[in-house]
1. Determine the calculated [θ] at 222 nm for the chain from helices alone, applying -39500 (n - 2.57) to every DSSP H run no shorter than 4 residues and normalising by the residue count; nearest 500 deg cm²/dmol.
2. Please give the direction-averaged projected area of the C-alpha convex hull for the chain, in square nanometres with one decimal.
3. Let me know the Rg and Dmax you get for segment 1-102 when you use only its Cα atoms, in Å.
4. Sort 125, 140 so the one with the fewest other Cβ atoms within 10 Å of its own Cβ comes first.
5. So how far, in whole Å, is the C-alpha centre of segment 109-170 from the one of segment 15-57?
6. Once fully extended, how much extra length lies between residue 159 and residue 137, figured as 0.36 nm per residue of separation less the alpha-carbon to alpha-carbon distance?
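Values quoted throughout were computed directly from the atomic coordinates according to the rules given, and no laboratory measurement underlies them. Only a predicted model underlies this, so the values are computations on that prediction, with no experimental measurement involved. Every residue, glycine among them, receives a Cβ derived from its backbone with ideal geometry; neighbour counts consider all protein chains shown.
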Amino acid sequence: MRVYVPLTLPALAEAHKTGELGSGPLVAYAVTPALREWYLSEDVEELEYAALGRAALASLRLLAADPDAPPRRVVVAVDVPDGAASAAPDRGGEPSALGEVTVAAAVPLAKAAAVHVDAEDAAADVAAAARALEAADGGDDEAQSAVDGADDHELLWFATQEIPNLVALG
């Protein structure tokens with residue numbers, strides 16, 4: 001099963017140093033029944049892209065909580081055994097929980113398939129989105145527009161061999 005783990009550049013640097021994405025349980029995103037129902041598609045690539053987008057939003061939340069982290073969303077795509085990830089408990093239809101899964105065990109960084117990171121030119125929009133996130137969650141339309149501005153930037157794909165270069169960015 002492919003899961004998408006949201007991180008920040010400092011967290012990616014820590015994972016590179018320790019060799020694992022965390023000791024578990026980890027919050028990640030994947031194609032879940034709730035995500036399928038919400039996205040209304042049976043195309044696996046589209047659904048995985050939607051799960052990646054949910055993880056990118058979660059990375060933005062991590063950036064909002066750590067204003068000292070470089071403003072670049074980071075998502076690590078990892079293949080875990082079926083059954084290693086379980087759907088998060090229902091949180092009353094809360095949109096941020098769509099596609100959320102919990103990976104119970106530690107995930108070795110060696111299991112990563114790819115890393116997705118914002119380009120340098122996204123930094124200003126990502127920083128603005130991180131600052132606006134709380135207000136957007138509260139229903140502020142202008143703040144939501146700032147959050148959506150980060151989504152205008154596609155995350156770039158990097159091979160796992162490029163992680164040392166990526167952590168040098170942070």
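1. Details: 6 runs with 70 residues, N = 170.
Roughly -12500 deg cm²/dmol at 222 nm, from the helical runs in the chain.
2. Values: hull surface 37.4 nm².
Approximately 9.4 nm², given one-decimal rounding.
3. 13.5, 39
4. On the way: 125 19, 140 14.
Ascending number of Cβ neighbours within 10 Å: 140, 125.
5. So the two Cα centres are separated by 15 Å.
6. On the way: separation 22, 0.36 × 22 = 7.92 nm, distance 3.32 nm.
Result for the pair: 4.6 nm of gain on full extension.
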